[in-house]
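Worksheet for the structure shown next.
The values are calculated or read from the model by the stated rules, or taken from the named source; none is laboratory data. From a predicted model like this one, the values you see are computed outputs, not experimental measurements. Quick reminder, even Gly has a Cβ in these numbers, built from the backbone with ideal geometry, and neighbours come from all protein chains shown.
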Amino acid sequence: MRLEREWVGARASMLLTLLVGVLSVVTGIANIGVSTDAADFVLFGVTFPGYVQQVAAFTGTLTGFVLLVTAFGLRRRLRTAWYATMLLFPITAAQGALQSTQLSFPLIGLSAVAFVVVGLNLGVYDRELELTTTQIAAMAALAGAQAYGTVGAFALRDPHFEGVNNLLDAFYFSLVTGSTVGYGDITPSTAVGELFTLSVVLVTVSSFAVVLGVVFTPLIEARLSRALGRMTEEQLDLLENHVLVLGYGDLTEPILEELTAKADVLILTDDEERTRRLTERGYTVLTADPSDEDSQHRGRVESARAVVVATNNDAEDALGILTARQLNPDVTIVAAASQRENVNKLKRAGADTVISPATLGAHFLAESALGGEGVEELERRLMTEDPSRAGEAVQEAIDDEEREASGENGKPEERTDGN
């Protein structure tokens, strides 16, 4: 089940969409130089004109760039991005088939695989596209500015402009003017044309600047959030099949060293200074109350593979365990008890496994001091890289500790009455 979630999940969907987009762009650029006078070709029994290959290459490049955009929408788990991506995959495959080159076969195959994988994850993309007033205004301003430049240039084409013969020429003039490229192939020839061009420059350049601000502001905010040790909602949405660590204490440090090499880890702590230090060391940290329901929901406890609770405060750990068990009844919860008498309490709170490291370490040291055999062998088994063998060793140590605590040693008690 974990393997399926890892390879056929939201992250795999986003990566496959990115790969299809990149491959579509590369394939289109490689084939865009096909001559429009190329010979006709037959595909699936249908004869196509030679120029269709160049058209498919050009449109395929554009489709690839659009797929790159929808991939970031998938990262934010937008339902709209899912619909757009599912629509574009068949189009990309068809464009690859029409290009009819060796580069087309990987594009067609990968598009088919991505179509299946993304389609299976419909339930993951449950967010609606919510545009802010600023974003709507920016897009409306850009569309209005381009319409103004296009319609005006077309209306004044004769005798005020040289080189504008149709609506496509007018749109081209408006676009290159607003983007400040200005190739100079279309120029005003009268004072009226010059005044109109000045107005187009002011309107379109301003609208482009507004749109760029709307686009780059979230990116800058994400960088600042990362520098301050705060995760963005987009980063949190991408978490899947990870280990959620609730709180940070003396016991957490060695646990992180063991976990980070084997799984994705997210740490929840309400200490901002500790968050900053952990972030500088490369850990993924969310500044929030570990026992709070909203905090764990943001940490995507519902899709976590395990929850680890190992601070120095058993009472707060119990609250975190209760919350995690409520939000995800099936998740594996592992806890460390700072005091031996709290082991059963943490289990009743919902932890699957509770270990008292201090008590366990004291037991090993005492056994070694009294000449106990096999302690070093048990330690070696605990430190083995095989998780199953390590788990068996831990369970044996816990069982021994519980037997000693209850007065059992596995042998019949010796009678002292002489019978």
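Observations
- Single match in LEU322, LEU239 (criterion: of a type outside the set (Gly, Ala, Ser) and in a helix (DSSP H, G or I)): LEU322
- Leading residue by the ranking (surrounded by the most Cβ atoms within 10 Å (Cβ to Cβ)) among those in the stretch 74-100 that are under 18 Å from the mean Cα position of the chain (by Cα), in a helix (DSSP H, G or I) and not hydrophobic (A, V, I, L, M, F, W, C): THR85
- Residue in the stretch 254-271 that is modelled with the highest pLDDT, counting only those that are in a loop (DSSP other than H, G, I, E, B) and among the aliphatic types (A, V, I, L, M): ALA263
- All positions within the stretch 289-330 that are of a type in the set (A, V, I, L, M), surrounded by fewer than 22 Cβ atoms within 10 Å (Cβ to Cβ) and under 13 Å from VAL245 (Cβ atoms): ALA306
- Selection of the stretch 176-209 for residues being of a type in the set (S, T, N, Q) and either over 35 Å from the mean Cα position of the chain (by Cα) or exposed (fewer than 13 other Cβ atoms within 10 Å of the Cβ) (or both) yields THR177, SER179, THR180, THR187, SER189, THR190, THR197, SER199.
- Scanning the stretch 1-24 for residues that are among the hydrophobic types (A, V, I, L, M, F, W, C), at pLDDT 80 or above and either surrounded by 19 or more Cβ atoms within 10 Å (Cβ to Cβ) or under 14 Å from the mean Cα position of the chain (by Cα) (or both) yields a total of 7.
- In the stretch 183-198, the residues that are under 16 Å from ALA145 (Cα atoms) and either assigned to a loop (DSSP other than H, G, I, E, B) or without any contact (Cβ under 8 Å) to a residue 40 or more places away in the chain (or both): LEU195, THR197, LEU198
- Yes/no for ALA140 being under 30 Å from PHE72 (Cβ atoms), small (Gly, Ala, Ser) and assigned to a helix (DSSP H, G or I): yes
- Qualifying residues in the stretch 327-378 (those that are hydroxyl-bearing (Ser, Thr, Tyr) and modelled with pLDDT under 90) - the one nearest to ALA310 (Cα to Cα): SER338
- Of all the criteria given as (1) within 17 Å of VAL55 (Cβ to Cβ); (2) in a helix (DSSP H, G or I), the one not satisfied by PRO106 is (1).
- Top-ranked residue in the stretch 243-288 [being touching a Ser or Thr at 6+ places or on another chain (Cβ under 6 Å) and more than 14 Å from VAL309 (Cα to Cα); ranked as surrounded by the fewest Cβ atoms within 10 Å (Cβ to Cβ)]: GLU272
- Number of the exception - ALA315 against (1) aliphatic (A, V, I, L, M); (2) at pLDDT below 90; (3) not in a helix (DSSP H, G or I): (3)
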